[in-house]
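Novice: Encoded as structure tokens, here's the structure I'll be asking about.
The values are calculated or read from the model by the stated rules, or taken from the named source; none is laboratory data. Not measured: the values here are computed from a predicted model. Cβ placement follows ideal geometry from the backbone for every residue including glycine, while neighbour counts extend to all protein chains displayed. To get the accessible areas, we keep the full protein, side chains included, count just its heavy atoms, and leave off ligands, DNA and RNA. Shrake-Rupley method; radii C 1.70, N 1.55, O 1.52, S 1.80 Å.
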Amino acid sequence: MKRILLLPLLLFAMLTASAEGVGKYVGGDISLLPQYEKAGDVYLDGNGQAIPDLITWLVQECGWNTFRVRLFVNPNRMSNDGKSIDPAVCQDLDYVTALGKRIKAAGAKFMLDFHYSDTWVDATHIQAPAAWKGLSDAAMAQKLGEYTTDCLKHLNANNATPDFVQVGNEIMYGLCDIKVAPYDRSGDNWNGYLGLLKAGCNAVRAQCPKAQIIIHTDRPSNSGYNTYYYNKLINGGVDFDVIGLSYYPFWHENLSKLKLALNSLATTFPSKKVQIVESAYYFQYWPSSGINYDTRSIWPASVDGQYKFVKDLLDALKNYPQVEGYSYWFPEEAGCGYGASDWTGYTDVVLGAWIDRGLWWPGETTKKEHWPLKAEAGMVQYLMKDFLSADASGITNAKTAAKSGAATVRTVTDGQHIYIEKADGQRYTLEGKQIR
């Protein structure tokens with residue numbers, strides 16, 4: 001009898017371990033952490049104790065397992081419109097190598113975000129690096145491929161091999177001065193654009209064959225745009241693994257639109273994983289301009305509102321097996337840096353202006369210590385690890401069913417998703433839903 005009881009227990013242990021290990025990733029973009037550290041800023045934990053190393057603390061105490069870092073070609077410390085100084089544009093290869101090495105040493109995954117520019121790239125700014133200006137399409141593709149190869153070789157040689165590589169940042173509307181659009185538009189240069197992406201992706205495959213390649217866009221609420229764009233890439237021979245999305249509700253509408261998009265992506269591109277590689281929410285001041293949607297009736301601009309947004313988003317993402325990752329953008333934000341002449345205004349320390357979406361209270365001019373934001377329900381830093389248990393939590397139904405009389409349970413897959421199946425054929429998703 002003891003031997004018979006032992007088998008189900010072993011099966012349950014194996015299932016739980018398997019479910020928890022089914023590639024789920026959670027973390028944030030910490031591209032400015034070294035600058036805050038250099039300025040003398042100190043991060044405190046929930047008990048007011050100084051955190052010696054924020055990356056290690058987030059890994060060991062909060063369960064984060066992935067960190068994203070942006071890379072500029074020759075960072076010019078300028079805004080993407082070229083009109084003002086931006087000290088946040090500082091991530092050259094040496095900077096990224098040192099930070100990537102720290103991430104790997106902490107036991108976390110390293111996500112590298114190639115901007116292929118000297119400053120910020122997004123849907124409305126697709127400028128090529130100054131040194132690449134004027135190149136033909138073929139020469140630009142060759143240059144991008146060579147640059148990607150050289151960067152990855154350098155990272156590999158310095159114990160900073162990336163686990164995920166973004167070939168471009170929010171590039172649905174173009175890259176390196178080559179314009180496209182996620183709909184039929186005359187004058188778009190899809191041949192040149194696809195040449196760039198293929199050169200970059202091929203370089204990643206050659207230098208980091210174990211890395212997942214991410215193509216990152218920023219129109220998550222428009223399913224038609226997503227379908228058009230990613231079909232263009234697949235039909236054009238671009239080799240990638242993950243659809244990366246930015247999701248900021250004040251620009252991209254509420255969760256209902258995101259859910260529709262995720263359903264569409266799962267149906268249209270079943271072989272592709274999805275990650276939310278950028279997302280954040282205001283915790284105090286709501287901007288008077290520059291946003292598209294006022295979502296404060298759902299998530300107030302407060303510490304509690306920010307926490308509720310992240311929780312609601314993670315709870316929604318758990319229902320989509322193809323969504324494997326979530327990264328909070330700029331969690332380390334804490335004012336403009338210790339020593340700034342104005343703690344929320346222009347300075348050349350870390351930030352030019354406080355963005356108000358980080359996870360720590362910014363210390364004032366005379367204070368270098370930063371307290372974590374504490375909502376009534378808890379801290380976002382600890383909340384985010386719940387996403388990692390999304391797979392494991394769903395096996396409760398299967399366990400209960402097995403205990404009620406099933407002799408055996410097993411894991412099965414259809415090539416895209418993992419399920420738990422009883423001997424009588426009843427099958428459950430890892431989210432706990434019976435499907436037959």
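Novice: What tally of residues in the range 130-148 results from selecting those that are farther than 17 Å from D113 by Cβ and open to solvent by 30 Å² or more (accessible area, probe 1.4 Å)?
Specialist: So the answer is 12.
Novice: Kindly check whether there is at least one residue in the range 83-99 that is in contact with a Phe, Trp or Tyr (Cβ under 8 Å, 6 or more places away or on another chain), modelled with pLDDT of 95 or more, on the phi > 0 side of the Ramachandran plot and in a loop (DSSP other than H, G, I, E, B).
Specialist: There is no residue in the range 83-99 that is in contact with a Phe, Trp or Tyr (Cβ under 8 Å, 6 or more places away or on another chain), modelled with pLDDT of 95 or more, on the phi > 0 side of the Ramachandran plot and in a loop (DSSP other than H, G, I, E, B).
Novice: Restricting to the range 98-124, give me the number of residues that are of a type in the set (S, T, N, Q) and open to solvent by 10 Å² or more (accessible area, probe 1.4 Å).
Specialist: Residues in the range 98-124 being of a type in the set (S, T, N, Q) and open to solvent by 10 Å² or more (accessible area, probe 1.4 Å): 1 in total.
Novice: Do you know which residues across the range 226-241 are crowded, with 17+ Cβ neighbours inside 10 Å and of a type in the set (S, T, Y)?
Specialist: T227, Y229, Y230
Novice: Can you pull out every residue in the range 148-192 that is touching a residue at least 60 places away in the same chain (Cβ under 8 Å) and among the acidic types (D, E)?
Specialist: Hits for the range 148-192 are D163, E170.
Novice: Output the residues belonging to the range 175-193 that are open to solvent by 20 Å² or more (accessible area, probe 1.4 Å) and closer than 22 Å to G224 by Cβ.
Specialist: If the condition is that a residue be open to solvent by 20 Å² or more (accessible area, probe 1.4 Å) and closer than 22 Å to G224 by Cβ, then K179, Y183, D184, R185, S186, G187, D188, N189, W190 are the ones that fit.
Novice: Still on this structure: If G200 passes every condition in (1) open to solvent by less than 10 Å² (accessible area, probe 1.4 Å); (2) within 15 Å of F114 (Cα to Cα); (3) not in a helix (DSSP H, G or I) but one, which one does it miss?
Specialist: (3)
Novice: So, one more: Please determine whether any residue of the range 268-288 is small (G, A, S), modelled with pLDDT of 95 or more and open to solvent by 40 Å² or more (accessible area, probe 1.4 Å).
Specialist: yes
Novice: May I ask you to verify whether T411 is touching a Phe, Trp or Tyr at 6+ places or on another chain (Cβ under 9 Å), modelled with pLDDT under 80 and open to solvent by 50 Å² or more (accessible area, probe 1.4 Å)?
Specialist: Yes, satisfied.
Novice: Across the range 333-352, which residue is modelled with the lowest pLDDT among those that are part of a loop (DSSP other than H, G, I, E, B) and within 23 Å of the chain's Cα centre (by Cα)?
Specialist: By that ranking, first place goes to G335.
Novice: Of all the residues that make up the range 204-222, how many are open to solvent by 10 Å² or more (accessible area, probe 1.4 Å), over 16 Å from A181 (Cβ atoms) and in contact with a helix residue (DSSP H, G or I) (Cβ under 6 Å, 6 or more places away or on another chain)?
Specialist: Of the residues in that region, 2 qualify.
Novice: Something else about it: Can you pull out every residue in the range 222-239 that is touching a Ser or Thr at 6+ places or on another chain (Cβ under 9 Å) and closer than 20 Å to L313 by Cβ?
Specialist: The answer is S223, N226.
Novice: Sort out which residues of the range 139-175 are in a helix (DSSP H, G or I) and small (G, A, S), and write them in order of number.
Specialist: Listed by number, the residues that qualify are A139, A141, G145, A157.
Novice: Next question, about the same structure. For the range 38-81, give me each residue that is touching an Asp or Glu at 6+ places or on another chain (Cβ under 9 Å), not in a loop (DSSP other than H, G, I, E, B) and not hydroxyl-bearing (S, T, Y).
Specialist: V42, L44, A50, L54, W57, F67, R68, V69, R70, L71, M78
Novice: Now for a separate question. On the basis of being under 16 Å from K232 (Cα atoms), among the polar types (S, T, N, Q) and modelled with pLDDT of 95 or more, does N158 make the cut?
Specialist: Answer is no for this residue.
Novice: Would you pick out the residues in the range 371-388 that are open to solvent by 50 Å² or more (accessible area, probe 1.4 Å) and part of a helix (DSSP H, G or I)?
Specialist: Of everything in the range 371-388, those that are open to solvent by 50 Å² or more (accessible area, probe 1.4 Å) and part of a helix (DSSP H, G or I) turn out to be Y382, K385, D386.
Novice: Let me ask you something else. Just the residues that are free of Cβ contacts under 8 Å to residues at least 12 places away in the same chain and surrounded by 14 or more Cβ atoms within 10 Å (Cβ to Cβ), please, taken from the range 289-307.
Specialist: Hit for the range 289-307 is P300, nothing else.
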